[in-house]
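Notes follow the structure.
The values are calculated or read from the model by the stated rules, or taken from the named source; none is laboratory data. Every value quoted in this text rests on a predicted model; they were computed, and no experiment measured them. No Cβ is skipped: glycine too gets one built from the backbone with ideal geometry, and neighbour counts run over all protein chains shown. Remember, those area values only see protein heavy atoms, side chains included, never the ligands or the DNA or RNA. Shrake-Rupley method; radii C 1.70, N 1.55, O 1.52, S 1.80 Å.
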Amino acid sequence: METARERREDPVSKLVFELSKLPGIGEKTATRLAYFILKQDSAYPEALADAILSAKRRIGLCRSCHTLTDGETCRICSNAQRDRALVCVVERPPDVQSIERAGRFRGVYHVLHGVLSPLEGIGPEEIKVRELLDRLQPAEVREVILATNPSVEGEATALYLGKLIKPLGVRVTKLAHGLPVGGVLEYTDRETVGRALENRVEIQ
Ligand SMILES: [Zn+2]
């Protein structure tokens with residue numbers, strides 16, 4: 001068996017090791033990917049490394065909605081056609097893309113970057129709750145749509161946010177049922193997401 005030191009020094013092992021840190025990639029897949037990359041001529045690994053580095057350097061969080069963007073403000077927040085009085089709260093940046101793909105939402109977003117999860121030590125301070133409440137203060141917001149995933153943590157987070165937001169005098173709704181239970185917004189088809197959005201329900 002190879003030692004940790006050998007693993008660090010052997011370039012192929014090092015590549016497999018780094019690839020295996022990616023979500024959903026075990027050592028077997030990492031090995032396959034590594035050999036695929038090494039089989040290509042050098043243009044591909046260079047383009048891949050460059051794409052990763054330049055995305056990491058240029059992409060930050062929108063200062064308004066906290067989704068990923070290469071500017072100070074994302075394209076959605078800086079679009080004058082979008083309704084700023086309607087804020088859709090989602091867990092992660094890919095959820096913004098899912099709702100955008102459904103093509104029925106004309107408001108703006110707020111990305112929490114996670115959900116409350118006491119077991120994993122994730123409380124309101126660890127996600128963008130304070131930033132959301134700050135946005136809602138000036139009474140310019142008419143409705144907040146809570147579009148967290150229909151998982152236990154997602155539902156608990158929506159409940160928590162609803163209790164904080166309702167006293168501010170803002171209408172609070174959540175996506176209609178119809179989304180698969182435990183399903184992830186990111187992988188739900190656009191028709192289902194569109195319908196869940198249109199048939200959203202008031203939180204009491
Ligand atoms: Zn934005």
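Of note:
- Cα→Cβ-extended label distance, 7 Å offset, between Ala156 and Arg58, nm: 4.0 nm
- Computing Rg and the Kirkwood Rh from the Cα coordinates of the chain gives a ratio, Rg/Rh, of 1.07.
- Accessible area of region 16-84 divided out per residue, in Å², using a probe of 1.4 angstrom: 74 Å²
- One chain, two ends: His113 and Ala49. Fully extended at 0.36 nm per residue, the span grows by 20.5 nm beyond their Cα-Cα distance.
- Given +1 at the Cβ of Lys and Arg, -1 at the Cβ of Asp and Glu and no other charges, the dipole of region 23-120 around its Cα centre is 260 debye to the nearest 20.
- With contacts taken as Cα pairs under 8 Å at a separation of at least 6 residues, the chain carries a relative contact order of 15 percent.
- Stretchable slack from Arg106 to Ala80, in nm (0.36 nm times residue separation minus alpha-carbon distance): 8.3 nm
- Projected label points at Ser42 and Arg171, each 7 Å from Cα along the beta carbon direction, are separated by 6.1 nanometres.
- Most fluctuating residue given options Leu38, Leu116, Leu159, as computed from a GNM of the chain linking Cα atoms under 10 Å: Leu38
- Residues whose placed amide H lies under 5 Å from that of Cys74, excluding near-sequence neighbours: Arg63, Ser64, Cys65
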